[in-house]
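The values are calculated or read from the model by the stated rules, or taken from the named source; none is laboratory data. Every value quoted in this text rests on a predicted model; they were computed, and no experiment measured them. Cβ sites come from the backbone with ideal geometry, for glycine too, and all protein chains shown count toward neighbours.
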Amino acid sequence: MREIGTVGVIGLGTMGAGIVEVFARGGLRVVGVETTQELADRGRAILQASTDRAVKKGRLDEDGQAEILGRVTITTRMADLADADLVVEAVPEILDLKHRVFGQLDDIVGEDAVLASNTSSLSITSIAAGTRHPARVVGMHFFNPAPVLKLVEVITTLRTDEDVTAAVVALAGRIGKKPVVVGDRAGFVANYLLFGYFVSALKMLEQGHVSREDLDTAMRVGAGLPMGPCTLMDLVGLDVCHHIGEVIYAHSRSPMHAPSTLLERMVTAGLLGRKSGRGFYTYAAPGSGQVVEDEQTPSTAAATDLSAVGVVGTGELADELVSRLQDGGYAVTRVEDPADRAELARLADVGLVVEAQAPAPPPGEEELADAQAWVEATGEDLWEALGEVVGPGAVLTTVNPEAAVAVGALSGRPEQVAVLQVHAPTGNGQVVEIGRSSATDDATVALLREVVTRIGAEPVVCRDRSGMVVDALLVPHLNDAVRMLDEGYAGVADIDTALQHGLGYPTGPFAMIDQIGADEVLAVCEELSAGGTGLPADALRPSPLLLEHVLLDRPFTS
Ligand code: CAA
């Protein structure tokens with residue numbers, strides 16, 4: 001097999017400089033090429049800053065840093081790549097430019113050298129078609145930040161030599177990366193799945209379903225992802241996102257990838273994310289990751305004088321809420337049997353009622369009686385009675401989803417009604433979603449935000465729609481991974497590796513599905529499909545393969 005000892009990297013922006021660092025850390029000699037001395041100096045500065053940070057954090061000593069930097073030559077002459085066994089280009093995403101670069105390389109490097117592209121949006125096949133030896137061209141797609149994220153997508157074309165692929169895979173393993181080999185398709189694995197999710201997140205923002213902060217909290221804390229979509233798009237660059245999104249849409253033609261007009265307007269207005277100092281958020285300076293306040297930053301609401309809370313219901317969730325509300329300093333009145341009107345009258349003085357009866361069980365024969373009881377207990381009578389019993393300023397909530405409008409109408413106080421959806425904790429904390437109807441007032445929302453914070457969770461406020469934010473974004477994203485598997489583009493292990501190591505997810509999507517339960521994922525998909533979410537219908541339609549796994553009771557991972 002080909003031995004790769006010296007590598008070249010062309011283009012030393014964020015990705016190129018990161019790739020140089022990865023190779024140098026892996027013990028290879030690296031030649032980094034830029035077009036001007038100024039850009040070359042900027043590339044060296046990125047490398048210096050990244051390794052300085054590692055030294056400061058004690059992950060690298062100064063000798064180690066000197067060794068890494070000593071392996072790197074930075075130059076403005078392409079001819080310095082003559083000895084490279086592999087060259088990775090990370091120049092701007094313009095096909096002509098890539099052709100020019102690879103055309104020059106054909107005259108400089110040896111016949112055996114491998115030519116790789118870090119493109120995230122162009123087809124490797126069309127890049128290879130502009131070279132004299134397409135058999136030695138592959139994609140080698142790194143993820144930002146390249147020194148941290150371990151995924152390398154190795155993209156082959158119909159002409160790529162097996163020997164070339166094997167050499168690149170072996171090299172990626174040698175430098176501590178996780179290679180995944182896939183065919184040449186728009187978005188490859190990670191971006192293809194990421195962008196379906198981005199489009200839905202952008203729709204939510206555009207529709208005013210949720211604020212940027214709450215959207216990010218929902219996915220970071222509620223779904224356990226390393227970053228929310230707004231923070232991540234700002235990191236990647238909104239222009240890059242827009243471009244990749246268009247390429248994926250051109251391939252799939254699916255409304256779930258249809259370019260977002262919001263994103264397009266932001267790019268046209270020069271809001272490109274961190275690099276321009278402003279994207280979804282505003283940053284301390286161009287290139288900085290430090291978010292500063294702007295006109296969209298929510299003001300910190302004044303504390304309310306809520307002290308007494310009523311919890312209606314029995315069951316685990318009701319028990320947990322009672323103890324967490326007590327720990328949060330509230331006086332809690334518990335009503336276990338709401339059908340007993342004398343009991344209900346004990347809620348006369350509370351400022352907030354949380355109806356937390358166990359949600360209706362699935363209508364199996366045995367549970368049918370319980371389900372009926374639940375419907376009766378939480379039906380019109382309860383909400384009408386609560387509307388009469390509690391004081392005029394009190395807020396009414398239910399943990400049973402999509403009920404804000406009905407409860408608002410039945411209780412006669414729609415301004416003071418919302419739905420609470422309590423999520424299981426993730427590695428990043430716990431989210432409680434607060435679903436408001438069009439009538440719910442801001443004071444109610446502020447009060448509920450305060451309560452959620454005081455019980456140790458993070459609030460996410462959105463419209464009361466199927467799946468709120470967390471389920472409406474996460475579940476279709478998981479379903480999309482199943483669809484990719486069903487299409488035969490990549491296998492379970494590769495898709496899991498791609499999202500875990502390319503996007504920093506705590507586990508891959510199939511491991512998540514098995515953890516949540518494929519039946520649960522399917523049920524949410526079906527509910528989202530049937531309910532009005534405002535998201536593209538084809539994003540929500542369950543994959544037939546998901547249904548198969550549920551019916552056959554087969555996990556995706558073993
Ligand atoms: N360069 C080098 N190291 C970096 C770094 C950078 N730019 N940014 C962070 N790090 C290191 C830190 O030094 C730290 O290391 P230690 O834990 O050893 O001290 C580690 O990464 C974690 O960093 P932080 O504690 O500062 O912050 P964090 O825990 O929030 O992690 C993150 C930051 C690694 C960026 C994480 O949030 C993450 O993985 N986010 C998801 C990013 C993602 O999805 N990237 C892919 C985008 S798509 C793409 O790139 C492909 C494309 O084609 C567009």
- State whether one or more residues within segment 36-52 are away from the ligand (no atom under 16 Å from the Cβ), within 25 Å of G237 (Cβ to Cβ), β-branched (V, I, T) and out of contact with any strand residue (DSSP E or B) (no Cβ under 7 Å at 6 or more places or on another chain). yes
Only one of (1) at pLDDT below 95; (2) under 30 Å from Q326 (Cα atoms) does not apply to A308, and that is (1)
By residue number, the members of segment 27-59 that are within 29 Å of the chain's Cα centre (by Cα) and part of a loop (DSSP other than H, G, I, E, B) are K57, R59
message: Within segment 94-113, does at least one residue satisfy the condition of being within 28 Å of R274 (Cα to Cα), part of a loop (DSSP other than H, G, I, E, B), within 16 Å of the ligand (Cβ to nearest atom) and not aliphatic (A, V, I, L, M)?
response: no
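How many residues are among the hydroxyl-bearing types (S, T, Y), out of contact with any Ser or Thr (no Cβ under 7 Å at 6 or more places or on another chain) and in a helix (DSSP H, G or I) if we restrict to segment 115-170? Don't jump to the end; show me each part of the working.
We begin by selecting, within segment 115-170, every residue among the hydroxyl-bearing types (S, T, Y); these are 117, 119-121, 123, 125-126, 131, 156-157, 160, 165.
With out of contact with any Ser or Thr (no Cβ under 7 Å at 6 or more places or on another chain) added as a condition, the list becomes 117, 119-121, 123, 126, 131, 160.
Subset that is in a helix (DSSP H, G or I): 126.
Residues in segment 115-170 being among the hydroxyl-bearing types (S, T, Y), out of contact with any Ser or Thr (no Cβ under 7 Å at 6 or more places or on another chain) and in a helix (DSSP H, G or I): 1 in total.
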Taking segment 230-255 and keeping only residues that are more than 24 Å from I124 (Cβ to Cβ) and in contact with a Ser or Thr (Cβ under 9 Å, 6 or more places away or on another chain), one is left with L238
A490 fails exactly one of (1) in a loop (DSSP other than H, G, I, E, B); (2) hydrophobic (A, V, I, L, M, F, W, C); (3) touching a Gly at 6+ places or on another chain (Cβ under 6 Å), namely (3)
Of R71, R77, R29, R25, the only residue that is within 16 Å of the ligand (Cβ to nearest atom), basic (K, R) and not assigned by TED's automatic domain parsing to the domain that holds G287 is R25
The one condition K98 fails out of (1) touching a helix residue (DSSP H, G or I) at 6+ places or on another chain (Cβ under 8 Å); (2) within 17 Å of V247 (Cβ to Cβ); (3) touching a residue at least 40 places away in the same chain (Cβ under 8 Å) is (3)
Here the residues within segment 521-554 that are under 14 Å from L473 (Cβ atoms) and either aromatic (F, W, Y) or in a loop (DSSP other than H, G, I, E, B) (or both) are T533, G534, L535, P536
Here the qualifying pairs (Cβ atoms under 8 Å; residues six or more apart or on different chains; first in segment 239-250 and without any contact (Cβ under 8 Å) to a residue 12 or more places away in the chain; second away from the ligand (no atom under 11 Å from the Cβ) and not in a helix (DSSP H, G or I)) come out as Y249/A258; Y249/P259
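Yes/no matrix, rows are residues, columns are (1) aromatic (F, W, Y); (2) in contact with a helix residue (DSSP H, G or I) (Cβ under 9 Å, 6 or more places away or on another chain); (3) away from the ligand (no atom under 16 Å from the Cβ):
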position: S211; (1), (2), (3): no, yes, yes
position: M219; (1), (2), (3): no, yes, no
position: L232; (1), (2), (3): no, yes, no
position: A269; (1), (2), (3): no, no, yes
position: F280; (1), (2), (3): yes, yes, no
position: E295; (1), (2), (3): no, no, yes
position: V309; (1), (2), (3): no, yes, yes
**OP:** Please work out if Q37 is at pLDDT 95 or above, surrounded by fewer than 17 Cβ atoms within 10 Å (Cβ to Cβ) and under 19 Å from P147 (Cβ atoms).
**Re:** no
Exactly one of D471, D464 is closer than 30 Å to A404 by Cα, crowded, with 18+ Cβ neighbours inside 10 Å, free of Cβ contacts under 8 Å to residues at least 60 places away in the same chain and of a type outside the set (A, V, I, L, M, F, W, C), and that residue is D471
Residues in segment 497-520 that are over 21 Å from H257 (Cα atoms) and not in a loop (DSSP other than H, G, I, E, B) total 13
Within segment 409-441, restricting to residues that are closer than 21 Å to V524 by Cβ and β-branched (V, I, T), the one that is farthest from the chain's Cα centre (by Cα) is V419
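Just the residues that are more than 14 Å from F198 (Cβ to Cβ) and in contact (Cβ under 8 Å) with a residue 40 or more places away in the chain, please, taken from segment 256-274.
R274, the sole residue that qualifies.
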For the structure I just gave you, tell me whether E433 is under 22 Å from V407 (Cα atoms), in contact with a strand residue (DSSP E or B) (Cβ under 7 Å, 6 or more places away or on another chain) and either outside the structural domain of G208 (by TED's automatic domain parsing) or part of a loop (DSSP other than H, G, I, E, B) (or both).
yes
The correct count of residues that are within 14 Å of the ligand (Cβ to nearest atom) and farther than 14 Å from I495 by Cα in segment 156-184 is 2
